[in-house]
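A short reminder: the numbers here are calculations on the coordinates, not readings from a lab. Everything numeric in this text was worked out from a predicted model, so none of it was measured. Cβ atoms come from the backbone with ideal geometry, glycine included; neighbour counts cover every protein chain shown.
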Amino acid sequence: MFKEKLAAVVFEGGIVRTDIEEQMLSVRKGVAFDNMKKALTADGIDEVILCTCYPDLAEQAAAEGVLIDETTADAAFHFGEHLKYVMEKFCIDSVIYLGGAALPLIRPSDFEWIAHQLRYFKNIVVVNNVQSADLIAFTPTESLNYIDLPENDNFLGFLLREAGMRRILIVNSARINFDVDTPMDMLILEQCQNVGPESRRALDQLNLSRDYLIRALDVIRESGRDRYAEVALIGRVSPPMMAVINANIPVRLRVFSEERGMKALRREETGEAVSLLGHFLEEVGPEKFFAHLASVADVALIDSRVLLAHLQLSPSAADRFYSDLGMLDRIRNDYLRSFTEAAYSAAIPVVLGGHSLVYGGLWAILDEWGLLNHDLPYLPS
């Protein structure tokens, strides 16, 4: 009897140029390896495949029984075309795709639930995020023939649904929504207990300051019934994150949510991203911006990528990472340096980062503190 092949496929690659990117890569490799090990132990998955340009990661994974697709560190790498190539090369009928640093807290049982959906339903796409997914599972893989193949993974789930596939959205949780895309994400992951051994080994080697993050988290942790801390969340803040905080944490939220899905919808790439707070920042400058922010909040977590997209600065990845860490002497972009200096000189604790800082990363910290409800059912959209 014919049995369809279901594979978990992990992509991890890219060009590394600076020391901070090297530290990021070490953690990314650890996360990718740990997630492949989880997938190998999950019932319902026939094969685990790694697509990578890193020989050391490939050798380590192959020793565990992972199949390897060797790629090159090429800036012209096209995600959709290569994913289709892998589906054909390994004769895969159903796939669970995962970015290399995505979902470091995912469990084998999550893989098993996704595999179950792919086994028992057809013409479906399972995603962890409606607008910008990092986990996309779908069947049949032939569906790739009927869409314009995307250059990156964020938009794949949306395209498959637009092509007529039924979407199943995995219920929101820390382990489903947290990705490691920035140094601040690494420092948040470091605070979590349920981290895989290779990820933990890489995290233990980090040589980065945690001061800004710890100061901010202390304000949130110490908020209580007598006085609710005023917590500002700025950037691509999702409604589920706000709902979780409102239901579980004794704080008052000041939320300014803008440009959700800007990467998947290519608004950053085309220069269409626009931010009302970005206009305000342009009007008053970084120092006054953070002075005004400090007048209404006790702590601020800022997804700075929205403001950068509005300003059309396009700093290097290294500059963005150094900004997150407050390493002023390493930032080459003059405006980003002044913005970062104003942020970390503010009268309140401020943390800069990317999307996960105001979504999955914050969720993971609150979960780590034991303040959240668990074991909600998986819900179809």
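Values for this structure:
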quantity	calculated
Scattering curve values for the range 128-247, log₁₀ I(q)/I(0), Debye with Cα scatterers, q = 0.10, 0.20 Å⁻¹	-0.47, -1.22
Beta bridges per DSSP with both ends in the chain, % antiparallel, nearest 5	20 percent
Square roots of 5 times each gyration tensor eigenvalue, C-alpha, the range 6-170, largest first, Å	24, 18, 15
FRET efficiency, 1/(1 + (r/R0)^6) with R0 41 Å, evaluated for D43 and D329 via beta carbons	0.20
Degrees, to the nearest 10: 19-41 long Cα axis against longest axis of the chain	40 degrees
Sites E70 and V171, calculated FRET efficiency, Cβ-Cβ separation with R0 35 Å, nearest 0.05	0.45
Share of Cα-Cα pairs in the range 183-368 lying beyond 29 Å, as whole percent	19 percent
Under 18 Å from the Cα of K122 - lysines, other chains or at least 8 residues apart	K3, K5
R0 of 41 Å, Cβ-Cβ distance R254-Q205: FRET efficiency to nearest 0.05	0.65
Helix 334-344 vs. the chain, principal-axis angle (Cα, 0 to 90°, nearest 10)	70 degrees
Percent of beta bridges antiparallel (DSSP, the range 6-170, rounded to nearest 5)	30 percent
Per principal axis, descending, Cα span of the range 266-350 in whole Å	34, 29, 19
At most 15 other Cβ within 10 Å, DSSP loop - GluC sites (Glu not before Pro), the range 9-91	E64
Long-range amide H partners of R236 with built H, under 5 Å	E258, D303
Amide H contacts under 5 Å for L135, placed H, 5+ residues apart	N128, N129
